[in-house]
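The structure appears right after this line, and notes come after that.
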Amino acid sequence: MLYQRRLEAALADGTLTPDEVAELDGLKMAKELTQAEVRMAARAIYRGALRDVLADDRLGADEDQRLRELQAQLGLSDDELARDHTHLSRLRLLAQVAAGQLPEIDAPIPLVPHERCYWVVQASFAERIGGSRDDGELAGVRLAIAGTSPFRVIGERAELRPDETILPIDLGILVVTSRRVVFQGAKRTVSIPHARLEALVLYQDGLLPEEIGGHSRGYLLVDDADLTAAILQQAARKRRSEIKPLRPEKSA
């Protein structure tokens, strides 16, 4: 559509001048475009920009600001972009978590004084059993709790659910708080203090918390493994920073 191409070109520098607005209005009249056609062109431009921004599954502050400005310039409401904002909202949350801003929500389990709840998601607890396959360890990306490196997943990751050696044994919820990560299911409850958490092995559809000494209690299958892992890693790092290390005893 000619109108869409002209509108996109006019927005390329980030602003719409009065002359450009007048030209676009004249083009709408000349082509006898309906309001629905104009809105369709605006949504197409926004979605094209959104695809470019989300190509690497990361959202920078500048990119987010540009999308907000573009939405305002195009006069698009949140309701019109509801379908497009689902993935965008997730990436905005990931960016906030990476910046150390953890969400706080109501806890479905009892908390101790001063403990805060950051994340709740449906989860399955699973264990690895012997099977017909003998191909060694499942491919996963190991994310250390120690350090300050930003959350970024690079490397091959296996899917846990289709693997015949991964057996889900309980269904429940996964809760990440300021002090621990808890799986609460129908059959069991597993609670790991952040102080004992050494790393997370991240798969496409789940994660494996590793405790100090390399001990692991089981796999946690969740729908959004990346977001859950990002929140858990940040929560554990924050807790570690709050715990003062013990001073070594002075030698006699």
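The table below lists the values:
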read-out	value
Enumeration of residues in the stretch 113-138 that are open to solvent by less than 70 Å² (accessible area, probe 1.4 Å), among the aliphatic types (A, V, I, L, M) and modelled with pLDDT under 95	L138
Boolean, L59 is closer than 30 Å to A225 by Cβ and modelled with pLDDT under 85	yes
Test: I192 is exposed (fewer than 14 other Cβ atoms within 10 Å of the Cβ) and of a type in the set (A, V, I, L, M, F, W, C)	no
Any chance E37 is modelled with pLDDT under 90 and in a helix (DSSP H, G or I)	no
Boolean, V201 is part of a strand (DSSP E or B), under 18 Å from the mean Cα position of the chain (by Cα), at pLDDT 95 or above and not charged (D, E, K, R)	yes
Top-ranked residue of the stretch 210-233 - restricted to ones that are closer than 14 Å to R128 by Cβ and buried (at least 24 other Cβ atoms within 10 Å of the Cβ), ranked as nearest to the chain's Cα centre (by Cα)	L220
Qualifying residues in the stretch 1-32 (those that are within 33 Å of the chain's Cα centre (by Cα) and among the acidic types (D, E)) - the one modelled with the lowest pLDDT	D13
Residue ID - most open to solvent (accessible area, probe 1.4 Å), chosen from residues in the stretch 16-34 that are without any contact (Cβ under 8 Å) to a residue 40 or more places away in the chain and not in a helix (DSSP H, G or I)	E32
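The values are calculated or read from the model by the stated rules, or taken from the named source; none is laboratory data. Because the structure is predicted, anything quoted here is derived from the model rather than measured. Every residue, glycine among them, receives a Cβ derived from its backbone with ideal geometry; neighbour counts consider all protein chains shown. Heavy atoms of the whole protein, side chains included, go into the accessibility calculation; ligands, DNA and RNA do not. Shrake-Rupley method; radii C 1.70, N 1.55, O 1.52, S 1.80 Å.
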